[in-house]
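The structure appears right after this line, and notes come after that.
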Amino acid sequence: MTMAKIGVIGAGAWGTALAQALASDGSSVLLWAREPELVAEINASRTNRTYLPSALIAPTVRATGDLAELVPLDALLVVVPAQFLASVLTGLPDRPRDLVLCAKGIEAGSGRLMADVAAQAAPLARLAVLSGPTFAHEVAAGLPTAVTLACAGGEAQWRRLAPLIARPALRPYYSDDVTGAEVGGAIKNVLAIACGVVEGLNLGQNARAALISRGFAEMSRFGLALGARAETLSGLCGLGDLVLTCSSTSSRNFSLGLALGQGRSMAEALAGKASVAEGAATAPVLAELAARRGIDMPIVTGVCRLLAGEAPARDVVAALLARPLRAEQEGGV
């Protein structure tokens, strides 16, 4: 096995899928996992039964539980859940390197986007964000996927990273709008919960299409207020990812909303799930940030009420439908 040029931190479904995609041309990839038993399983049987059971992992992917092994690599994809990003990066010796952030969320408590978290935990790193419509099992299977690769270092960083990441079935598109890429990825998870609720209540396809459209309006209002660009939010990492995750039970967030819409409790909906539904952690901090800035996000607020057990799903939907009528472009739902 040749020396790896790129590493992946996090061996959940998405991290494993990215490692598999990067190894699809025979490249060596170093994959870090927290659990020793998962490291052993990947290296011995080429499987990840807990997080990505459908994949047979390429022989050029090597798993490790030692972050120090990744220190020499000049490019790392960081795919740990958003709420664990700070602690993992703090344990990685800092040096100048490209860190590509692949988690989609907002840090609870601080309200920071992932790039802000990483900038504090790894101040010497050159940051980029990879985001877009990406179901892990499809990426691992080699099905075509297009993503946004937003580079804080501009085109110079893009020229370094694009050849390391691009594969025939994994096509990155360049952006320098890191904020836009992060906002789209974080908010679509919350909106996917809402779309799952619509499905669970059997409210129909019309209602889901309306919710996606009005949810995108909320995403746009919030993103523009934070300095994101409209074209980024309407691209792969915003609207593209929103449409995907709001339309399939392959989305963990959609599945959570589906269970809540069918009348199950949060505990019942999350029971036995190994993977994280990031939207559940993102929703309350997103609602708080929006309220602080005076940004109208009624769908996000409704999801928060549902997750907190303040009202059943039908009452949350009824409250949204009872909002005052207004022009479509004036804001609100």
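No other residue among Ala122, Ala108, Ala118 is open to solvent by less than 30 Å² (accessible area, probe 1.4 Å), within 16 Å of the chain's Cα centre (by Cα) and of a type in the set (Gly, Ala, Ser) apart from Ala118. Scanning segment 145-159 for residues that are surrounded by 24 or more Cβ atoms within 10 Å (Cβ to Cβ) and in contact (Cβ under 8 Å) with a residue 60 or more places away in the chain gives Val147, Thr148, Ala150.
Being closer than 26 Å to Ser275 by Cα, buried (at least 18 other Cβ atoms within 10 Å of the Cβ) and touching a strand residue (DSSP E or B) at 6+ places or on another chain (Cβ under 8 Å) holds for only one residue in Ser175, Ser131, and it is Ser131.
The residue of segment 84-94 that is farthest from the chain's Cα centre (by Cα), among those that are of a type outside the set (S, T, N, Q) and open to solvent by 60 Å² or more (accessible area, probe 1.4 Å), is Pro93.
Residues in segment 248-266 that are open to solvent by 10 Å² or more (accessible area, probe 1.4 Å), within 17 Å of Ile187 (Cα to Cα) and assigned to a loop (DSSP other than H, G, I, E, B): Ser248 alone.
Can you tell which of Arg229, Arg293 is under 23 Å from Glu107 (Cα atoms) and loosely packed, with under 15 Cβ neighbours inside 10 Å? Result of the check over Arg229, Arg293: Arg293. Only one of the numbered conditions (1) out of contact with any strand residue (DSSP E or B) (no Cβ under 7 Å at 6 or more places or on another chain); (2) over 19 Å from Ser275 (Cα atoms); (3) among the acidic types (Asp, Glu) is violated by Glu41, and that is (2).
The sole residue among Ala209, Ala156, Ala217 that is outside any loop (DSSP other than H, G, I, E, B) and within 21 Å of Thr134 (Cα to Cα) is Ala209.
Of everything in segment 232-247 that is open to solvent by 30 Å² or more (accessible area, probe 1.4 Å) and of a type in the set (A, V, I, L, M, F, W, C), the residue that is nearest to Gln205 (Cα to Cα) is Val243.
Of all residues in segment 108-132, those that are more than 14 Å from Ala281 (Cα to Cα) have Cβ atoms under 6 Å from Cβ atoms of residues that are of a type in the set (Lys, Arg), 6 or more apart or on another chain, in Leu124/Arg95; Ala125/Arg97. Evaluated against (1) under 17 Å from the mean Cα position of the chain (by Cα); (2) surrounded by 15 or more Cβ atoms within 10 Å (Cβ to Cβ), Gly302 falls short on exactly one condition, (1). The C-beta contact set for segment 257-282 (first residue without any contact (Cβ under 8 Å) to a residue 40 or more places away in the chain, second residue open to solvent by less than 20 Å² (accessible area, probe 1.4 Å) and part of a helix (DSSP H, G or I), distance under 7 angstrom, 6+ apart or interchain) comprises Glu268/Ala259; Ala269/Leu256; Ala269/Ala259; Ala269/Leu260.
Only a single criterion out of (1) outside any helix (DSSP H, G or I); (2) open to solvent by 80 Å² or more (accessible area, probe 1.4 Å); (3) of a type in the set (S, T, N, Q) is not satisfied by Ser275, namely (2). For segment 42-75, a tally of residues being of a type in the set (Asp, Glu) and either without any contact (Cβ under 8 Å) to a residue 12 or more places away in the chain or surrounded by fewer than 14 Cβ atoms within 10 Å (Cβ to Cβ) (or both) returns 1. Contact list please: Cβ distance under 7 Å, first residue in segment 219-248 and touching a residue at least 40 places away in the same chain (Cβ under 8 Å), second residue open to solvent by 30 Å² or more (accessible area, probe 1.4 Å) and of a type in the set (Val, Ile, Thr), pairs at least six apart or on different chains. If the second residue must be open to solvent by 30 Å² or more (accessible area, probe 1.4 Å) and of a type in the set (Val, Ile, Thr), the pairs left are Leu226/Thr179; Gly227/Thr179; Ala228/Thr179.
Residues checked against (1) surrounded by fewer than 21 Cβ atoms within 10 Å (Cβ to Cβ); (2) out of contact with any Leu (no Cβ under 6 Å at 6 or more places or on another chain); (3) touching a residue at least 24 places away in the same chain (Cβ under 8 Å):
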{"site": "Ala181", "(1), (2), (3)": "no, yes, yes"}
{"site": "Asn189", "(1), (2), (3)": "no, yes, yes"}
{"site": "Leu201", "(1), (2), (3)": "yes, yes, yes"}
{"site": "Gln205", "(1), (2), (3)": "yes, yes, no"}
{"site": "Arg214", "(1), (2), (3)": "yes, yes, yes"}
{"site": "Ala217", "(1), (2), (3)": "yes, yes, yes"}
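The values are calculated or read from the model by the stated rules, or taken from the named source; none is laboratory data. The shown structure was predicted, so the numbers you read here are calculated from the model rather than taken from an experiment. A quick note on method: Cβ atoms are made from the backbone with ideal geometry, for glycine too, and the neighbour counts reach across all protein chains shown. SASA here: full protein model, heavy atoms, side chains in, ligands and nucleic acids out. Shrake-Rupley method; radii C 1.70, N 1.55, O 1.52, S 1.80 Å.
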